[in-house]
Amino acid sequence: RSPVQAERPNEERIFISAESITAHLGVAKRAHDVSLTENDVITALLWKKYVPLWNIEADNPATYVTCPFDFRKVLKDFPKNYFGCALCFSSTSVDLSALLKASVGDLAILIRNSINRIKPEYVFNSLNTLEGLRQQSGLAAMEKVHLRHPRHGLIVTNLTRLPLHDIDFGSGAPADFKAYAEVAGSAAILPTRGGVEVLVIHRPGSNLC
């Protein structure tokens, strides 16, 4: 990948309480009678909150949210003890005006539907497309592959299943977390007591309030 930019990105940490997440899940359940996860709601909240604050280059562009997906969940013969990158990406979009008007539950449903579309055929098509690009254009082309839409997108990754607060190599539990790859327009969901903490890395020139 290209080197991380020398200029420090504009980072923000926010807390989302378990009560707030549960409340949004309840509203979505009553309105749509669908099964959503906490991560669906959290991702919807982040999409609605942050993408409109970033540089928007058209009057009403499509906005995107992308989520990494561990495809070992859908490939039955894939070894569960594989240690390496086993990710593909789900992505969904709505235009800016629809994003501003939509409820968190509406957006969470779009996210869940996008994730549910990941089947073995989707995984293999994704891997074959990436390998085809590598063979045709070489490794240098990989540096130009975006994990999220380069202008109007957000990528959200979930670390809530990692027991970060329980890790101890002899010096006590970690006091903080730092993302190594500083991808502008990204958010990492971290476990914390009473809810989740989200590390948001803003896009340069964000229209922050």
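Annotations for the structure displayed:
- Any hit, region 104-124, residues being open to solvent by 90 Å² or more (accessible area, probe 1.4 Å), outside any helix (DSSP H, G or I) and not aliphatic (A, V, I, L, M): yes
- Flag for Arg30 being among the basic types (Lys, Arg) and closer than 21 Å to Leu190 by Cα: no
- Here Ala102, Ala108, Ala58 are screened, and the one residue that is in contact with an Asp or Glu (Cβ under 6 Å, 6 or more places away or on another chain) and under 24 Å from Leu147 (Cβ atoms) is Ala108.
- Every pair of residues 6+ apart whose Cβ atoms lie under 9 Å, when the first sits in region 27-39 and is more than 23 Å from Pro68 (Cα to Cα) while the second is of a type outside the set (A, V, I, L, M) and open to solvent by 80 Å² or more (accessible area, probe 1.4 Å): Lys29/Ser35
- Just one of the numbered conditions (1) modelled with pLDDT under 90; (2) within 23 Å of Arg72 (Cβ to Cβ); (3) among the aliphatic types (A, V, I, L, M); (4) touching a Pro at 6+ places or on another chain (Cβ under 8 Å) is not true of Ala184: (2).
- Members of region 69-97 that are open to solvent by less than 40 Å² (accessible area, probe 1.4 Å) and either among the polar types (S, T, N, Q) or touching a residue at least 60 places away in the same chain (Cβ under 8 Å) (or both): Ser90, Thr92
- Sole exception among (1) in a strand (DSSP E or B); (2) surrounded by fewer than 17 Cβ atoms within 10 Å (Cβ to Cβ) for Leu130, by number: (1)
- Residue match in region 189-205 (condition: at pLDDT below 85, of a type in the set (D, E, K, R), part of a loop (DSSP other than H, G, I, E, B) and within 17 Å of Pro68 (Cβ to Cβ)): no
- Residue check for Ser103: hydroxyl-bearing (Ser, Thr, Tyr) and over 22 Å from Thr22 (Cα atoms): no
- Residues that are β-branched (Val, Ile, Thr) and either touching a Pro at 6+ places or on another chain (Cβ under 7 Å) or open to solvent by less than 40 Å² (accessible area, probe 1.4 Å) (or both), drawn from region 48-68: Val51, Thr63, Val65, Thr66
- Given (1) open to solvent by 40 Å² or more (accessible area, probe 1.4 Å); (2) at pLDDT below 85; (3) not hydroxyl-bearing (Ser, Thr, Tyr), number of the condition Leu159 does not satisfy: (1)
The values are calculated or read from the model by the stated rules, or taken from the named source; none is laboratory data. This structure is a prediction, so every number in the text was calculated from the model and none was measured. Ideal geometry is used to build each Cβ from the backbone, glycine not excepted, and the neighbour counts take in all protein chains shown. Note: areas computed on protein heavy atoms with side chains; ligands, DNA, RNA excluded. Shrake-Rupley method; radii C 1.70, N 1.55, O 1.52, S 1.80 Å.
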